[in-house]
Amino acid sequence: MTKFMFRTFATTLAVGASLLATQALAKSDITIAMQLEPPHLDPTSAAAQAIDSVVYTNIFEGLTRFMGDGSVVPGLAESWEISDDGTVYTFKLRDGVTFHDGTTMDAEDVKFTLDRATAEDSANAQKALFAGIESVEALDPLTVKVTLSEPNGNFPFNLAWGDAVIVAPDSIENIKTNPIGTGAFSFDNWVQGDSITLNRNPNYWGDQPALETATFKFISDPTAAFAAMMAEDVDVFDNFPAPENLPQFDADPRFQVLVGTTEGETILSTNNKQSPFDDILVRQAVAHAIDRQAIIDGAMFGYGTPIGTHFAPHHPAYVDLTGESAYDPEQAKALLAEAGFENGFETTLHLPPPSYARRGGEIVAAQLAEVGITAEIINVEWAQWLESVFRGKDFGLTIVSHTEPMDIGIYARPDYYFQYESTDFQALMDTLNATTDPDERSRLLGEAQRLISTDYVNGYLFQLAKLGVAKAGVQGLWANAPTAAIDLTQISWSE
Amino acid sequence: MLRYALKRLISLLISLAVASVVIFAVIEVAPGDPASFMLGVNAQEDTLAALRAELGLDGSKMQRYLNWVGGMLVGDFGTSYTYRTPVSQMIADRLWVSLPLALYALTLSTVIAFPAGIYAAARRGKPGDLVVMGSTQLGIAVPNFWFAMMLVLIFAINLRWFNAGGFVGWSNGMWAGLHSLTLPAIALALPQAAILARVMRSALLDILGEDFMRTARAKGLSRRQALWRHGVRNALIPVLTIIGLQFSFLLAGSIIIEQVFYLPGLGRLVFQAISARDLIVVESVVMLLVFAVITVNFLVDLAYAAVDPRLRSRT
């Protein structure tokens with residue numbers, strides 16, 4: 001009897017222990033797949049979005065940061081004051097923030113970061129974000145004074161970009177392979193071509209994240225992406241490359257599909273200086289020749305929001321101007337005739353690799369052919385696109401998604417590749433930059449949207465959707481992509 | 001034998017020199033500036049110039065060619081533009097995936113092809129032969145990435161015996177490593193095995209008609225003994241040629257399979273480097289592959305001489 005009791009006791013203990021073990025082992029690791037591998041891990045010296053996806057808010061933090069809904073909130077800066085004339089920002093830094101190597105983050109690091117970004121030999125891909133900075137002073141270890149040459153209502157927004165994260169002077173030499181930041185996760189290992197692993201930073205100044213380790217895996221082939229998800233090799237696919245497979249995931253209880261928006265305005269970019277697109281009637285004809293919904297359905301399997309101007313529909317200041325360029329092939333033909341092109345004309349359509357461009361381009365070319373415009377499709381790689389289209393401006397039409405947040409300002413740059421030159425628009429942007437009142441800013445932004453819409457600068461197609469797939473138990477993922485980021489700090493597994 | 005080897009060696013060196021010029025010229029001529037690719041659409045002119053200087057892209061083409069070749073001669077393959085790590089290090093890392101994969105696939109292909117080819121030759125015209133020949137026809141016709149997708153569908157998604165892709169790394173033990181290379185190796189091996197089996201069969205059939213085979217039978221060997229002792233050995237020459245070609249193909253040509261199984265191998269490195277305009281990586285890897293192919297051919301030439309003494313005296 002005693003023996004029996006002992007055995008029962010032992011079994012109970014064992015069962016209890018294993019239960020406890022399961023409790024303690026509640027999943028705290030995650031494998032997140034993304035399509036592109038970062039070239040290196042320094043977000044302050046490259047444009048690759050894959051870098052930000054891995055490091056933004058995880059390894060590196062800036063003075064301010066984006067939240068999943070696109071709002072900008074304090075990051076390493078606890079608060080800031082703006083002088084009355086709008087040119088001096090005094091940032092109060094958080095106390096007790098350390099880098100992963102144990103050194104303290106202070107005002108000198110902020111000064112170093114901003115000076116490095118604005119320096120003569122700076123390799124910052126978004127140097128324009130810092131263009132107005134005249135001087136940076138460390139008043140005391142936790143106070144930084146930034147003086148701008150002119151007021152810039154967007155300054156806290158600019159500092160939230162991945163290109164403006166705070167870096168330590170000592171870590172710069174090896175930052176590309178061994179990034180050292182202040183974030184809730186520290187860099188662990190990179191198997192190039194395969195994966196990057198991050199570990200929880202136990203000394204993080206903020207709330208401890210639920211995850212202990214996170215692995216980013218790089219799967220570029222859409223078929224392989226589908227297989228990896230289906231075989232449950234990966235827990236999350238950040239931006240799933242094959243929209244045609246989403247209904248299948250949606251119907252499978254093992255998975256959840258997250259459809260959100262990005263900052264990517266997908267446009268039929270038009271060379272405003274090349275004949276015949278220098279004629280507004282021709283551009284207007286092109287705009288009316290395009291059936292946006294057909295492109296969204298055909299190229300993106302229905303995912304995407306039609307836009308009538310270069311502005312994100314989820315932004316509060318967005319104005320729906322799709323009516324200005326409604327699908328109307330008859331009107332397009334009439335406009336072409338009015339411009340002197342009764343028999344149409346020939347042009348080129350350069351298509352970079354993403355499927356929105358390659359698939360969308362086929363449909364656009366067919367729609368243009370309906371009204372008599374022959375667009376010769378030229379498929380190009382990104383490097384070629386940058387060289388011949390973007391820098392060489394040797395194109396008629398091209399399809400590209402402009403993924404930078406709040407980038408309507410590019411229309412004020414006459415040397416920008418679509419070469420729109422409007423003094424009205426430039427004046428409007430100058431006024432906007434000098435304005436800090438939110439309501440007035442919204443009004444000016446609305447006016448700007450209307451101006452480029454009715455000048456038919458480009459064909460405005462749709463806002464690129466963000467299509468995430470994840471296992472059903474994963475919580476806290478960003479559905480939207482206000483910037484390229486996979487914020488690990490909020491992610492957890494449900495029971 | 002020595003003279004033969006020396007002659008082969010000289011032709012190897014000339015091929016390498018010509019290849020280096022062609023590779024450099026072709027890759028440099030293609031449009032696309034690595035610096036502007038890395039810095040994207042908002043980069044300013046001064047930033048681009050700074051990066052180009054940092055990468056050493058501001059020298060003349062001739063100078064860069066000489067730097068590149070000179071570096072390779074002393075084992076320095078340069079530094080990747082995008083990853084900023086030494087190219088030799090990257091290649092070494094990737095070879096640890098690609099080389100075992102190629103060897104694994106080659107072993108599988110040989111293990112399948114030899115018995116199949118010999119069996120078919122021994123049963124020429126009989127149902128067994130027809131079955132083998134029919135399946136090899138199929139094996140040649142079906143592209144390997146389709147095999148790959150079918151394997152993933154069956155063994156990874158449905159049966160869950162393997163991961164759908166990826167490589168766990170040799171640090172997790174040899175078995176784990178081989179396990180994660182199994183599906184890709186099979187996908188690579190099947191079409192190769194089909195080709196090899198057909199070559200084996202037709203080479204054997206040619207040999208079986210030779211006089212010395214009749215002599216072998218006449219001196220009292222059974223069919224089977226004659227086939228194994230004299231037939232297979234003589235059929236090895238064409239088979240070795242094919243194996244040599246296949247090895248080069250498996251090493252250099254697994255780009256698609258590495259994409260389908262997202263393996264961090266050489267093929268994927270080249271693929272990524274081409275789209276990122278990481279010219280130095282593309283040039284060095286392609287050069288290395290050319291080197292590997294030429295060397296394998298050189299070794300195969302030597303192996304002929306070993307298998308067939310007539311080749312030695314002829315030169």
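The values are calculated or read from the model by the stated rules, or taken from the named source; none is laboratory data. This one's a predicted model, so the numbers in the text were calculated from it and none came from an experiment. Backbone-built Cβ (ideal geometry, glycine too); neighbour counts: all protein chains shown.
Side notes on the structure shown:
- Hey, B:VAL142 more than 14 Å from every other protein chain (Cβ to nearest Cβ) and either touching a helix residue (DSSP H, G or I) at 6+ places or on another chain (Cβ under 9 Å) or modelled with pLDDT of 90 or more (or both) or not: yes
- Any hit, the stretch A:44-56, residues being assigned by TED's automatic domain parsing to the domain that holds A:ALA160 and acidic (Asp, Glu): no
- Count of the stretch B:5-21 residues which are modelled with pLDDT of 90 or more and basic (Lys, Arg): 0
- Residue in the stretch A:194-204 that is touching a Pro at 6+ places or on another chain (Cβ under 9 Å), under 15 Å from A:GLU37 (Cα atoms) and within 7 Å of chain B (Cβ to nearest Cβ) present: yes
- Members of the stretch B:75-113 found to be more than 14 Å from chain A (Cβ to nearest Cβ) and surrounded by fewer than 18 Cβ atoms within 10 Å (Cβ to Cβ), listed by number: B:GLY75, B:ASP76, B:LEU99, B:LEU103, B:THR107, B:VAL111
- Residues (hydroxyl-bearing (Ser, Thr, Tyr) and in contact with a strand residue (DSSP E or B) (Cβ under 9 Å, 6 or more places away or on another chain)) located in the stretch A:364-413: A:THR374, A:SER388, A:THR398, A:SER401, A:THR403
- Screening the stretch A:125-141 for residues that are more than 30 Å from the chain's Cα centre (by Cα) and among the aliphatic types (A, V, I, L, M) and picking the one that is farthest from the other protein chains (Cβ to nearest Cβ) gives A:LEU139.
- Extreme residue, modelled with the highest pLDDT, among residues of the stretch A:168-181 that are more than 21 Å from the chain's Cα centre (by Cα) and assigned to a loop (DSSP other than H, G, I, E, B): A:ILE180
- Test: residue in the stretch B:153-165 that is aromatic (Phe, Trp, Tyr), more than 14 Å from chain A (Cβ to nearest Cβ), under 25 Å from the mean Cα position of the chain (by Cα) and under 23 Å from A:LYS217 (Cα atoms): no
- Filter result (over 23 Å from B:LEU48 (Cα atoms) and of a type in the set (Gly, Ala, Ser)) within the stretch A:40-59: A:SER53
- Scan of the stretch A:94-121 for residues that are in contact (Cβ under 8 Å) with a residue 12 or more places away in the chain and touching a helix residue (DSSP H, G or I) at 6+ places or on another chain (Cβ under 6 Å), ordered by number: A:PHE112, A:ALA117, A:THR118
- Here is the figure for the stretch A:41-64: residues that are surrounded by 24 or more Cβ atoms within 10 Å (Cβ to Cβ) and part of a strand (DSSP E or B) total 2.
- Every residue from the stretch B:166-193 that is under 20 Å from A:ASP235 (Cβ atoms) and either within 20 Å of the chain's Cα centre (by Cα) or surrounded by 23 or more Cβ atoms within 10 Å (Cβ to Cβ) (or both): B:GLY166, B:PHE167, B:SER180
- Residue list for the stretch B:265-302, restricted to those being within 14 Å of chain A (Cβ to nearest Cβ) and of a type in the set (Val, Ile, Thr): B:VAL270, B:ILE274, B:ILE280, B:VAL281, B:VAL282, B:VAL285
- Condition check for B:GLN259: more than 17 Å from B:PRO100 (Cβ to Cβ), within 14 Å of chain A (Cβ to nearest Cβ) and of a type in the set (S, T, N, Q): yes
- Pairs are defined by a Cβ separation below 7 Å, a sequence spacing of at least 6 or placement on different chains, a first member in the stretch A:197-211 that is under 18 Å from A:GLY62 (Cβ atoms) and without any contact (Cβ under 8 Å) to a residue 60 or more places away in the chain, and a second member that is assigned to a loop (DSSP other than H, G, I, E, B) and of a type in the set (Gly, Ala, Ser); the pairs so defined are A:TYR204/A:ALA184.
- Residue in the stretch A:283-296 that is over 21 Å from the mean Cα position of the chain (by Cα), outside any helix (DSSP H, G or I), in the same structural domain as A:MET406 (by TED's automatic domain parsing) and surrounded by 17 or more Cβ atoms within 10 Å (Cβ to Cβ) present: yes
- Residue match in the stretch A:486-494 (condition: surrounded by fewer than 18 Cβ atoms within 10 Å (Cβ to Cβ), touching a Gly at 6+ places or on another chain (Cβ under 8 Å), assigned to a helix (DSSP H, G or I) and on the phi < 0 side of the Ramachandran plot): yes
- Residue in the stretch B:240-256 that is under 26 Å from A:GLU37 (Cβ atoms), within 14 Å of chain A (Cβ to nearest Cβ), buried (at least 19 other Cβ atoms within 10 Å of the Cβ) and in contact with a helix residue (DSSP H, G or I) (Cβ under 9 Å, 6 or more places away or on another chain) present: yes
- Counting the residues of the stretch A:393-408 that are facing another protein chain (nearest Cβ under 9 Å) and either among the small types (Gly, Ala, Ser) or more than 30 Å from A:PRO156 (Cα to Cα) (or both) gives 0.
- Residue check for A:PHE226: of a type in the set (A, V, I, L, M, F, W, C), part of a helix (DSSP H, G or I) and assigned by TED's automatic domain parsing to the domain that holds A:VAL474: yes
- Hits in the stretch B:29-57 - residues which are outside any helix (DSSP H, G or I), over 35 Å from the mean Cα position of the chain (by Cα) and more than 7 Å from chain A (Cβ to nearest Cβ): none
- Residues that are closer than 17 Å to A:LEU76 by Cβ and either of a type in the set (Ser, Thr, Tyr) or touching an Asp or Glu at 6+ places or on another chain (Cβ under 8 Å) (or both) within the stretch A:185-209 comprise A:SER186, A:TYR204, listed in sequence order.
- Some residue of the stretch A:442-449 being in contact with a Phe, Trp or Tyr (Cβ under 7 Å, 6 or more places away or on another chain), surrounded by 19 or more Cβ atoms within 10 Å (Cβ to Cβ), farther than 26 Å from A:LEU349 by Cβ and among the small types (Gly, Ala, Ser): yes
- Scanning the stretch A:368-385 for residues that are more than 14 Å from chain B (Cβ to nearest Cβ), crowded, with 22+ Cβ neighbours inside 10 Å and not aliphatic (A, V, I, L, M) yields a count of 0.
- The stretch A:183-193 - residue that is within 14 Å of chain B (Cβ to nearest Cβ) and among the hydrophobic types (A, V, I, L, M, F, W, C) and, of those, nearest to the chain's Cα centre (by Cα): A:TRP190
- Of all the listed residues (A:GLY96, A:GLY132, A:GLY75, A:GLY68), the sole one being on the phi > 0 side of the Ramachandran plot and outside the structural domain of A:GLN192 (by TED's automatic domain parsing) is A:GLY96.
- The set of residues from the stretch A:92-124 being loosely packed, with under 15 Cβ neighbours inside 10 Å and within 14 Å of chain B (Cβ to nearest Cβ) comprises A:ALA119, A:GLU120, A:ASP121.
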